[in-house]
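Okay, so here's the structure we're looking at.
The values are calculated or read from the model by the stated rules, or taken from the named source; none is laboratory data. Quick caveat: nothing in here was measured; it's all calculated off a predicted structure. Cβ: placed from backbone, ideal geometry, glycine included. Neighbour counts: every protein chain shown.
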Amino acid sequence: MKKEISRKCENDRDNCPVKDVLNRVGDKWSMLTVIMLSDHGTLRFNELHQLIDGISQKMLTVTLKMLEADGLLTRKMYAQIPPKVEYALTPLGESLVTPLMHLYDWANTNMPEIKASRERYEKAVAV
């Protein structure tokens with residue numbers, strides 16, 4: 001299985017689906033945005049901004065546009081004053097939640113070992 005994936009990406013590096021998807025959703029803001037929408041359902045911009053600790057308004061705007069462009073979420077604008085915009089995951093976005101949760105579980109399980117390895121590395125290169 002591993003070699004099969006490697007071969008597919010090696011043969012067409014510019015169109016490797018794994019590389020493309022990881023570049024898009026592999027950043028922390030995209031993953032957190034998808035997880036928040038999955039956990040909380042449809043949300044408005046300010047609600048998302050409050051839930052995602054540390055994200056700037058500009059970065060949230062960029063992240064939402066990228067996720068919308070990829071078909072992972074929908075943006076629904078209501079014609080009212082003040083304007084009301086809501087964001088929700090599409091079925092494609094929902095299908096990303098399970099792999100993200102597997103990644104979260106893996107990271108959570110292995111974080112102590114990863115931190116210990118980082119500490120050993122830092123000590124080794126500091127000498």
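Scanning segment 63-76 for residues that are out of contact with any Asp or Glu (no Cβ under 8 Å at 6 or more places or on another chain), exposed (fewer than 14 other Cβ atoms within 10 Å of the Cβ) and farther than 21 Å from T98 by Cβ turns up K65, A69. Of all residues in segment 65-84, exactly one satisfies the criterion of being of a type in the set (A, V, I, L, M, F, W, C) and touching a Phe, Trp or Tyr at 6+ places or on another chain (Cβ under 6 Å), namely L73.
Tell me the residue from A107, A116, A88 that is among the small types (G, A, S) and at pLDDT below 95, please. Spell out how you get there, then give the answer.
Numbers: A116 fails: at pLDDT below 95; A88 fails: at pLDDT below 95.
Residue meeting the stated conditions: A107.
Taking the listed residues L32, L96, the one that is touching a residue at least 60 places away in the same chain (Cβ under 8 Å) and either surrounded by fewer than 16 Cβ atoms within 10 Å (Cβ to Cβ) or among the aliphatic types (A, V, I, L, M) (or both) is L96, with no other qualifying. Of the candidates A88, A116, the single residue that is hydrophobic (A, V, I, L, M, F, W, C), out of contact with any Lys or Arg (no Cβ under 6 Å at 6 or more places or on another chain) and surrounded by fewer than 11 Cβ atoms within 10 Å (Cβ to Cβ) is A116. Could you go through segment 47-58 and let me know if any residue there is farther than 16 Å from R24 by Cα, surrounded by 12 or more Cβ atoms within 10 Å (Cβ to Cβ) and in contact (Cβ under 8 Å) with a residue 24 or more places away in the chain. Yes: segment 47-58 contains one or more residues that are farther than 16 Å from R24 by Cα, surrounded by 12 or more Cβ atoms within 10 Å (Cβ to Cβ) and in contact (Cβ under 8 Å) with a residue 24 or more places away in the chain. Looking across segment 1-35, not a single residue is over 30 Å from H49 (Cα atoms), among the aliphatic types (A, V, I, L, M) and at pLDDT 75 or above.
Show me the helices (runs of 4 or more DSSP H) entirely contained within segment 43-127 in which 1 or more residues are out of contact with any Ser or Thr (no Cβ under 9 Å at 6 or more places or on another chain) and of a type in the set (D, E).
Correct list: 45-51, 91-126.
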